[in-house]
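Derivation of every value follows stated rules applied to the coordinates shown; laboratory data play no part. Please read these numbers as outputs of a predicted model, since none were measured by experiment. When we count neighbours, we look across all protein chains shown, and the Cβ atoms used for this are built from the backbone with ideal geometry, even at glycine.
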Amino acid sequence: MANNMTDTIEKPDTQTEQATTAVGSAKPASTSWFNRAVPGVKQHLTAPLTAVETEPSTECSSCHSMITNTALIFNCYVCPHCDHHLPMSARERLQWLLSQVDGELGQEFVAKDPLRFVDSKPYPVRMKEAQTKTGETEALVVMYGKLRNLDIVACAFDFRFMGGSMGSVVGDRFVQAAEKALAEHKPLVCFAASGGARMQEGLLSLMQMARTAAAIERLRIAGIPYIVVLTNPVYGGVTASLAMLGDIHLAEPKAMIGFAGKRVIEQTVRETLEEPFQRAEFLLEHGVVDEVVHRHQLIDTIYRLLAKLCSQPNVEA
């Protein structure tokens, strides 16, 4: 009986037993679930953030590349990729131009609402919004100081302030700048950027065309230089008055300059006007402006012209 039972028990496979022994011998005897290594979190390596992603940046309106605001400031708001000239605020432009700022004019003038003008919102509300947006009280900023060794008076339009439109306060400030230049025999420089006269003041804004033209004529009679720099864009009543009455007219590259807008002219003449119509380069070819100057060379150009006109020695930057 015993022999029969012994015969019926299968003997374990020798190879299987050796394999099991080998696997078991590979693990230490004390291995358990408690002291197993905890699987870690896999770290996905990513590229470090660039300056454009970590700093306040601005998109170029021409090539749509992103440029840090710091890079724009150091490059005079010129795109380093496509050389497009981005707009500058009036205060930044004057502080960039003047080597030394001695004072500011016209801050005592405040706009009124003589017509009680209302379109989609009242005129005082629009003024308040523009002042909050720009930090300026009006569309024209006037400063006086030194451009290297020259004493000058300079003014600049801020297009962010209601499209740089010219109202009564803009006229007051420009006339005050011209009177100071006349009284102290200093040259006057104007950076124009405007959509024209301000419709919210009606006839009062149109009167500023005659006022500014009369002030410029007094400068001409006295032999005081008046240089205009046309930036993008300059239209309407500003073009028809103070922006086109300078002794010398400079323009930044590709600036749009005209009286009526391109679409208005196309509707009037019933023709399609192709590029570069109303661009600075187009106006240079037709004798409207004297020179198109890159922003990087603009300060040197203005200084050389004023030093020549004022019979002053030309000093190095």
Exercise. For Glu285 and His81, FRET efficiency with R0 = 35 Å and r from the beta-carbon atoms, rounded to 0.05?
Worked result: 0.85
Exercise. So between Asn35 and Met66, what do we pick up on full extension, going 0.36 nm a residue minus the alpha carbon distance?
Worked result: 5.9 nm
Problem set entry | Nitroxide proxy distance, nm - points 7 Å out along Cα→Cβ at Val110 and Lys262 | 4.1 nm
For this session: Report the FRET efficiency, 1/(1 + (r/R0)^6), for Gln297 and Ile221, where r is their Cβ-Cβ distance and R0 is 25 Å, rounded to 0.05.
Result: 0.20
For this session: Within 10 Å of each residue's Cβ, count the other Cβ atoms and sort Lys128, Lys180 from fewest upward.
Result: Lys128, Lys180
Exercise. When Lys and Arg each count +1 and Asp and Glu each count -1, what net charge do the other residues less than 15 Å away from His84, Cβ to Cβ, add up to?
Worked result: -2
Exercise. What FRET efficiency do you get for Glu55 and Thr132 if R0 is 30 Å and r is their Cβ-Cβ distance, rounded to the nearest 0.05?
Worked result: 0.75
Exercise. Are any of the pairs Lys146/Lys262; Lys128/Lys180; Lys121/Lys254; Lys128/Lys186; Lys180/Lys262; Lys180/Lys308 more than 31 Å apart by Cα-Cα distance, and if so, which?
Worked result: Lys146/Lys262; Lys121/Lys254; Lys128/Lys186; Lys180/Lys262
Exercise. Once fully extended, how much extra length lies between Leu203 and Asn314, figured as 0.36 nm per residue of separation less the alpha-carbon to alpha-carbon distance?
Worked result: 35.6 nm
Problem set entry | Order of Ser241, Ser99, Ser120 - criterion: other Cβ atoms within 10 Å of each residue's Cβ, fewest first | Ser120, Ser99, Ser241
Problem set entry | Spherically averaged projected area in nm², based on the convex hull that wraps the Cα atoms of the range 189-265 | 5.3 nm²
